[in-house]
Structure formats: structure tokens, C-alpha cells
Amino acid sequence: MLHRALHQHNMMALIAALVLTRTAAYTSPRAPVVAGNWKMNPGTAEEALALAEALDAVEGREVVVFPPSCYLEAVARKTNKNVALGAQDACVLAESGAFTGAVSLPMLKMPRVDYVLCGHSERRSLFSDDDDAIRAKVRGALDAGFAAMLCIGETQQEYELGITDDICALQLAKALEGVTAAEMANVVVAYEPVWAIGTGLVCPATVAQRVHASMRQRLRATYDSSVADACRILYGGSASPLVIDGIMRQPDIDGVLVGGAALDAATFNQVSNFHAGWWRTRSFLKKVLHR
Ligand code: PEP
């Protein structure tokens, strides 16, 4: 039932997006982030480099990709220098030592690697990263000079029970325990409903907006308005060129974290260039006015 209702909603959103694309504008003062999580892909270094090389940097937007750590250095050499990089995970147990298979934060200190992804639902469910582990990763990433991209989100059952806001607020509070207002400048939050990740089910933009506004309100209560107003809160879950314009028209949605659609450069570039009609007009006007 969730599937059919969301499908109908997404079709309506797509039609609305097609109608509105030419006039849509991103109006938030927060610079939008378009992030691509490659997960354990692509299968070869050659494919990773080809993907990296074809990525657009988009003026006024932060484009970030999270390749597997073994490709990071090579991807940094191949991508446009205005595309930022991040690590999908980091071991915070030690800087080096007997931790087979782990990669520590100092090892990730490479040129252009700015972010560490923390709390992705696949890390939570498949690798048993619990709230304490996620808090330690956020802490470690910030201490090591990285920005933390913190993922939160409810399961399908929690969504159907109507407890999304409570679950997300709890995950947010636990992960940010001890993080100061000043450090929040280096935290990006990604709201990723677990049921929307890799399923083709997109959370309706208006529902996501409500959750984002609620998380921003929590940040306002925990910190203050300046922290809440400055913090970028991204949406993640089957985002694609078909739905991006509608998502990015929501006032509290400051970007997207993309999985599947990040593995094809042309598709990811379309996502990065959301509201292209508006941006083309803006770039054109800028050129004309600066002549
Ligand atoms: C993700 O893994 O963070 C994600 C949002 O994946 P997808 O876009 O494939 O749903």
C-alpha cells in the first residue's frame, strides 16, 4: 500500500516538476550540497576514474562524492578540482594498529578529502554501527579536521507508525552529543528514510520537508537559531533527475545524498544541475550584467 500511494504521489510530483522547471528557483541562503555515495562501486579502478572524470562541478553548489577509500587518491586526481571528496566510513578505534580491514582517520587525510560519512543506514544495519559508534565517528571526524555528513532516518515500520520525527530526533541528538555550536559549521545532516534507500520509493517532498523542518527546529532548541538556519540538511532515498526539482523546491531541503543515481555520471550531473532552467538564466544574466 505504501508502495502504491508513494508511486502515485511521485508521478504527481514529476508532472508538477515538469510544469514548474522553467520558473523554479533555489532560494535558500544555504549553499546546496549534491553528494554521491558510490558505496562498494564501481567494480574496477578504471570505471571509478571514468566516472570521476565525467563529473560536473556546478557553480554555487557543493558537489561531493564518496568513492570507496581505495579509489580516493586516484579519484582526487581525476575529478574537477571543485568537486569535493569524502570517505564512506572511518575506524576511530585508533590511528593505527591491529585492526584488520580498517582505515583510520589519519589515513584518510588526503588532498581534497573533506568529508566523512557517519551513520549511513547500511553501516547501522549491516555493520552494527550503533548510536555510540556513530557519535564516536562524528567526534573523531571533527577532531581530525573533516566535516561530518551525518545520516539519520526511520525504517518503514517506524514511518507507518508515525514516529519518524521522534526516531530522527533521537538519532540526531545521540550523534551530536558533545558537538559544540561552533563545530556544527562542519556538520551536514542527511535525512534518509531507510525504506526509500535503493528501493525506488521516494519520500514525498512535502513529507521530507516536514521532517527537515522538524530537525531544524531540534537544532534550534539544542543550539540556537544561527546554527539551525546555517545547517545544511539533505534528503536521501532514491533521488534522481525525475524528482530532484520538486525536492529542491522545499525550503528546508538543502541538497541530496544520492546512491544509485550517483553511479552514472550523466544522471548524477543532471541531479547536480537541478533547476537547470533557472541556473542557465542566472548564469546568462550574470555574464550580461558583468560585461
Ligand atoms: C544512499 O545510499 O544514501 C542512498 C540515498 O541511496 P539511493 O539513492 O540509491 O536510494
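The values are calculated or read from the model by the stated rules, or taken from the named source; none is laboratory data. Note that the structure is a prediction, hence the values are computed from the model and not measured. No Cβ is skipped: glycine too gets one built from the backbone with ideal geometry, and neighbour counts run over all protein chains shown.
Residue 79 fulfils the conditions (1) surrounded by fewer than 17 Cβ atoms within 10 Å (Cβ to Cβ); (2) modelled with pLDDT of 95 or more; (3) of a type in the set (Ser, Thr, Tyr) except for a single criterion, (1).
Screening the stretch 118-202 for helices (runs of 4 or more DSSP H) wholly inside it with 3 or more residues that are charged (D, E, K, R) returns the ranges 121-126, 131-143, 164-175. Once the stretch 236-251 is narrowed to residues that are free of Cβ contacts under 8 Å to residues at least 60 places away in the same chain and of a type outside the set (A, V, I, L, M), the residue that is farthest from the ligand (Cβ to nearest atom) is 250.
Being in contact with a strand residue (DSSP E or B) (Cβ under 8 Å, 6 or more places away or on another chain), modelled with pLDDT of 95 or more and either among the hydrophobic types (A, V, I, L, M, F, W, C) or within 15 Å of the ligand (Cβ to nearest atom) (or both): is that true of residue 175 here? Considered against the rule, which asks whether it is in contact with a strand residue (DSSP E or B) (Cβ under 8 Å, 6 or more places away or on another chain), modelled with pLDDT of 95 or more and either among the hydrophobic types (A, V, I, L, M, F, W, C) or within 15 Å of the ligand (Cβ to nearest atom) (or both), residue 175 comes out as yes. Residue-level check: of (1) within 30 Å of residue 44 (Cα to Cα); (2) in contact (Cβ under 8 Å) with a residue 12 or more places away in the chain; (3) among the hydrophobic types (A, V, I, L, M, F, W, C), residue 175 misses just (1).
Among the residues of the stretch 149-167, just one is under 18 Å from residue 133 (Cβ atoms) and away from the ligand (no atom under 15 Å from the Cβ), namely 167. So which pairs qualify, if the first residue must be in the stretch 140-160 and over 19 Å from residue 232 (Cα atoms), the second must be part of a loop (DSSP other than H, G, I, E, B) and among the basic types (Lys, Arg), the Cβ gap must be under 8 Å, and the two must be at least 6 apart or on different chains? Qualifying pairs under 8 Å: 144/109. Can you tell me how many residues in the stretch 186-235 are of a type in the set (Val, Ile, Thr) and within 15 Å of the ligand (Cβ to nearest atom)? Counting residues in the stretch 186-235 that are of a type in the set (Val, Ile, Thr) and within 15 Å of the ligand (Cβ to nearest atom) gives 8.
When the stretch 246-268 is examined, which residues are found to be over 15 Å from the mean Cα position of the chain (by Cα) and within 19 Å of residue 55 (Cα to Cα)?
264, 265, 266, 267
Scanning the stretch 42-57 for residues that are under 17 Å from the mean Cα position of the chain (by Cα) and surrounded by fewer than 21 Cβ atoms within 10 Å (Cβ to Cβ) yields 56, 57. The set of residues from the stretch 194-206 being surrounded by fewer than 16 Cβ atoms within 10 Å (Cβ to Cβ) and not polar (S, T, N, Q) comprises 198, 200.
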